[in-house]
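Asks: Handing you this structure, nothing more for now.
The values are calculated or read from the model by the stated rules, or taken from the named source; none is laboratory data. Since we're looking at a predicted model, the values are computed, not measured. All Cβ positions, glycine included, derive from the backbone under ideal geometry; neighbour counts span all protein chains shown. All accessible areas refer to the heavy atoms of the entire protein, side chains included, with ligands and DNA or RNA removed. Shrake-Rupley method; radii C 1.70, N 1.55, O 1.52, S 1.80 Å.
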Amino acid sequence: MSKRKLKEDNLTNREYVSKVQQMLRERLCHRDPNGKLFGIELQCKQLLELLKRTAIHGESNSILIIGHRGSGKTVLLHHVFKKLMEVKQVRDNTLQVHLNGLLQTNDKIALKEITRQLNLENVVGDKVFGSFAENLAFLLEALKKGDRAHSCPVLFVLDEFDLFVQHKNQTLLYNLFDVSQSAQTPVAVIGLTSRLDILELMEKRVKSRFSHRQIYLMNFFDFKKYLDICKEQLSLPPEFPEKLFTQKWNKSIQSLLEDQKVQDVLKNQFHFSKDLRCLSMLLIFALNNVNASHPFISVSDLLEASRLCRMDSKANIVHGLSVLEFCLIIAMKHLNDTYEGEPFNFQMVYNEYQKFVQRKAHTVYSFEKPVVLKAFEHLQHLELIKPVEGPSFCAQKEFLLMKLLLDNSQIMDALQVYPNCPTDVKQWAMSSVS
């Protein structure tokens, strides 16, 4: 009977754990539509009021959302749009156009994307326009239902706004801001950028048509608030189906965050970066260890997650190199030490390697030069070394100047955990240059 009960408890735990993981992953990946904003509630209210004036009252506006990467610009915008679309009048009558400076690299591509997102390809057809302004004006005219009060409002979102500033003559920005200043179709232009000097990059004619409304996002919270955010992200809501499991989970999270080792890990993360995406990644790694037999996040899970987040990807690549390739890395290290970081070529590395082989001829196998060259090229493919641009760029591959992309500490750390590394190779790596 007890075995049967234990089996039923395991099945129940598995079901709850699966639901917990799904809910928290959606929240941590910012896909939860009801997700909370941290520290940007005032900016959310400000942006929502502005867009409501465009979508409901037909008032054109332009605004820039400025903040470093990870400060919450995109989350803020998604949250505002979700609230905006809850209003029936807005949902039925407002159009959105999303452009990204990484994708729409010139004004012609941007105009095609605007046409596609407004579903006006068949209206444009084979028409020939004299200028960008004429084309945009025609597109917006096609959206009118009559007078200005009944025109269809359009919300333009320009992600990576600073890349649009680099377009020739800033024609797209000039025309969008011009429309937002004139009594035409109601539009709102929302730019997202991480450049604090963005206004200085705009041309005078573009700047004069911009409303100069700006929202700044900065992570000003302290470590206590950071812990509260962490608790908020990991806690289960009261509406979770199983009340008893919810209480146990939330209690375990509370005790977890009070542990000194966990606080040290989170403090390191906080001082390294206040970016909440980095915190989310750390918590997702910890959450991955939760299962039916281990239903709560433990201190060791968070410590392991921290180790994975801080892992050096290049050092991991070095662990998988052959002994010959590792010997070439050590030869480059010695050349860097000798010539104080000056570029080197294959021939120099090969000569350094040959000196080592001749000293240790009885223990180290000597490879032919073509084999060593192949290993050298493999290091280049792995991006552990890279060619130096300059006059030597057209030289033979043996004499092409290269630069090592690993520092001495990364090489020595990789050496400590390199599997089955010959003793002579270790001693050569740790020795000073003869």
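Asks: Under 19 Å Cα-Cα from K251, which aspartates and glutamates qualify once same-chain neighbours fewer than 8 residues away are excluded?
Replies: Cα-Cα hits under 19 Å: D228, E232, E239, E242, D259, D301.
Asks: Would you mind checking the tilt of helix 299-310 against the longest principal axis of the Cα atoms of the chain, expressed as 0 to 90 degrees and rounded to 10?
Replies: Helix 299-310 sits at roughly 90 degrees to that axis.
Asks: Which lysines, on any chain, are close to K204 with Cα under 19 Å apart, when same-chain ones fewer than 8 places away are left out?
Replies: Of all the lysines, those that pass the test against K204 - Cα under 19 Å, at least 8 places apart if same chain - are K168.
Asks: Could you point to the residue in V372, I63, N288 farthest towards the positive end of the chain's charge dipole, with +1 and -1 charges on the Cβ of Lys/Arg and Asp/Glu respectively?
Replies: The residue sitting most towards the positive pole is N288.
Asks: Another question about this same structure. Using the crude model of +1 on Lys and Arg Cβ and -1 on Asp and Glu Cβ, and no other charge, please compute the dipole size for segment 166-291 relative to its Cα centre, in debye to 20.
Replies: 300 debye
Asks: So for each of 399-406, 244-251 I average, over its residues, the number of other beta carbons within 10 Å; can you give me the resulting order with the highest mean first?
Replies: Packing order, densest peptide first, comes out as 399-406, 244-251.
Asks: To test your reading of the geometry: what angle, between 0 and 90 degrees and rounded to tens, separates the Cα axis of helix 223-234 from the longest principal axis of the chain?
Replies: 80 degrees
Asks: Here's a follow-up. Can you send over the solvent-accessible area of M430, 1.4 Å probe, protein chains only, in Å² to the nearest 10?
Replies: Result for M430: roughly 120 Å² accessible.
Asks: Something else: Report, to the nearest 10°, how far helix 408-417 tilts away from the longest principal axis of the Cα atoms in the chain, using its own Cα long axis and a range of 0 to 90°.
Replies: Compared with the principal axis, the helix lies near 70 degrees.
Asks: Oh, and also: Hey, can you rank 153-165, 262-274 by average C-beta count inside 10 Å, highest first? Could you put the intermediate results ahead of the total?
Replies: Numbers: 153-165: 21.6, 262-274: 16.1.
Those peptides, ordered most packed to least, come out 153-165, 262-274.
Asks: Among H319, Q104, Y226, which residue has its Cα furthest toward the positive end of the charge dipole of the chain, with +1 on Lys/Arg Cβ and -1 on Asp/Glu Cβ?
Replies: Positive-most Cα among the choices belongs to Y226.
Asks: To the nearest 500 deg cm²/dmol, what mean residue ellipticity at 222 nm is calculated for the chain from DSSP H runs of n ≥ 4 alone, each contributing -39,500 (n - 2.57), summed and divided by the residues?
Replies: -17000 deg cm²/dmol, from helical runs alone.
Asks: Determine the dipole magnitude for the chain: charges of +1 sit on the beta-carbon of Lys and Arg, -1 on that of Asp and Glu, nothing else is charged, the reference point is the Cα centre, and the result goes in debye to the nearest 20.
Replies: Values: 56 positive and 49 negative charges, 230 e Å.
Computed charge dipole of the chain: roughly 1100 debye.
Asks: Which pairs break 22 Å Cα to Cα here: K83/K231; K333/K403; K314/K355; K45/K88; K224/K274; K314/K369? Please report the intermediate quantities before stating the final value.
Replies: Details: K83/K231 25 Å; K333/K403 10 Å; K314/K355 27 Å; K45/K88 19 Å; K224/K274 12 Å; K314/K369 26 Å.
In this structure, K83/K231; K314/K355; K314/K369 exceed 22 Å between Cα atoms.
Asks: Work through the residues other than S211 whose Cβ is under 13 Å from its Cβ and net out their charges, Lys, Arg +1 and Asp, Glu -1.
Replies: The answer is +2.
Asks: So, one more: Might you tell me the accessible area per residue for segment 200-323, computed with a 1.4 Å probe and given in Å²?
Replies: In whole numbers, segment 200-323 has 54 Å² accessible per residue.
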